[in-house]
1. Answer with yes or no whether residue A:81 is touching a helix residue (DSSP H, G or I) at 6+ places or on another chain (Cβ under 9 Å) and among the small types (Gly, Ala, Ser).
2. Given the conditions (1) closer than 21 Å to residue A:65 by Cβ; (2) touching a helix residue (DSSP H, G or I) at 6+ places or on another chain (Cβ under 8 Å), which single one is not true for residue B:94?
3. Return the residues of the range A:70-87 that are more than 12 Å from chain B (Cβ to nearest Cβ) and buried (at least 22 other Cβ atoms within 10 Å of the Cβ); say none if nothing qualifies.
4. Any residue that is over 13 Å from the mean Cα position of the chain (by Cα), closer than 19 Å to residue B:110 by Cβ and aliphatic (A, V, I, L, M) - is there at least one of those in the range A:58-66?
5. State which residue is nearest to the other protein chains (Cβ to nearest Cβ) when the search covers only the range B:100-110 and only residues that are in contact (Cβ under 8 Å) with a residue 40 or more places away in the chain and surrounded by fewer than 22 Cβ atoms within 10 Å (Cβ to Cβ).
6. Of (1) touching a Phe, Trp or Tyr at 6+ places or on another chain (Cβ under 8 Å); (2) modelled with pLDDT of 75 or more, residue A:105 satisfies all except one. Which?
7. Take the range A:43-64 and flag every residue that is more than 11 Å from every other protein chain (Cβ to nearest Cβ) and over 23 Å from residue B:144 (Cα atoms).
8. Test residue B:58 against the stated conditions and say whether it is within 14 Å of chain A (Cβ to nearest Cβ), farther than 18 Å from residue B:37 by Cβ and surrounded by fewer than 17 Cβ atoms within 10 Å (Cβ to Cβ).
Amino acid sequence: MAQPKGLVDDYGILMQCQKILPSDRHRLKLLEALAELENNECHARREFPKTRLHKIVGIEEAVYRADIDKMSGWRLHLQYGAQDKRLYLKDVTAGKKHDDVVGTIKARRERYE
Amino acid sequence: MPHTAEHSSPNGALSSRARSRGREADTPPFQVEETSSYKRDFERLGPGDRAQVRKRLNFLLPLFEGDRRAFFAHASRPVAPNLAGGLTSTLYILRATPRLRVLLAYDLDPLFETLTFTLLRVLSHDLLEKDFLKAAEAFHRTHGLDLKK
């Protein structure tokens, strides 16, 4: 079995998701999203059809956004660790706030390098 | 493996290298994306200027991979856009011709191993700091980022 891609949750984002996601349907979507982010085949192919993982454009830092649920706009913010090649969960954003990247990053500035 | 052939897009900039996703070299391949503003600015240029801009970009953009110091010797910005959240903007001005400047942003993506240049505008050489900041603000806002006042 292929080794899963490392996903680090230093800030208790998954615990936070468990608390704030509005329904079990969203929690199931989160599980699917995490499975995709950990899936080494997705990383090898560089295709993330569920989460649409993508870098935030126009900035030096390797900060990424990944959909939990495209329709409602719940998203994860992650940062890629170039040294250990692992993804670090940084935040979860609510549906209505998913376009406010700065608000999210600013509120958790100490988490981003 | 050496770089393979370059292709020119209808608007004259490089489209992409036909190298497969950085497997054969230490540096990633690069892609060029043109915003509608850039396309509009480019279409307004005369044939001579278009050819010069195209030629200059074909020369300068590959420098980023091969000799970054040389690339930045041709790039400048009147002021670094001050992004909220302490993020670092990658917006720069390239000297395309003595009279024309190309506003661009680069994105080095370590996860997808890509390098993408986003061409934003073709502007006059006498653009002011406020013009640059206005363009920077518009660009970053489209990606959900704000400049600090």
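1. Working: touching a helix residue (DSSP H, G or I) at 6+ places or on another chain (Cβ under 9 Å): no; among the small types (Gly, Ala, Ser): yes.
No.
2. For residue B:94, the failing item is (1).
3. A:74, A:76, listed by residue number.
4. Of the residues in the range A:58-66, the ones over 13 Å from the mean Cα position of the chain (by Cα) are A:58-61.
With closer than 19 Å to residue B:110 by Cβ added as a condition, the list becomes A:58-61.
Restricting the remaining residues to those that are aliphatic (A, V, I, L, M) gives A:59.
There is at least one residue in the range A:58-66 that is over 13 Å from the mean Cα position of the chain (by Cα), closer than 19 Å to residue B:110 by Cβ and aliphatic (A, V, I, L, M).
5. Per the criteria, the residue is B:109.
6. If we test residue A:105 against (1) touching a Phe, Trp or Tyr at 6+ places or on another chain (Cβ under 8 Å); (2) modelled with pLDDT of 75 or more, just (2) comes out false.
7. Within the range A:43-64, the first condition is being more than 11 Å from every other protein chain (Cβ to nearest Cβ), and the residues that meet it are A:49-52.
Residues satisfying the conditions do not exist here.
8. So residue B:58 fails the test.
The values are calculated or read from the model by the stated rules, or taken from the named source; none is laboratory data. Because the structure is a prediction, the values reported are computed rather than measured. So basically every Cβ, Gly included, is an ideal-geometry build from the backbone, and we count neighbours across all protein chains shown.
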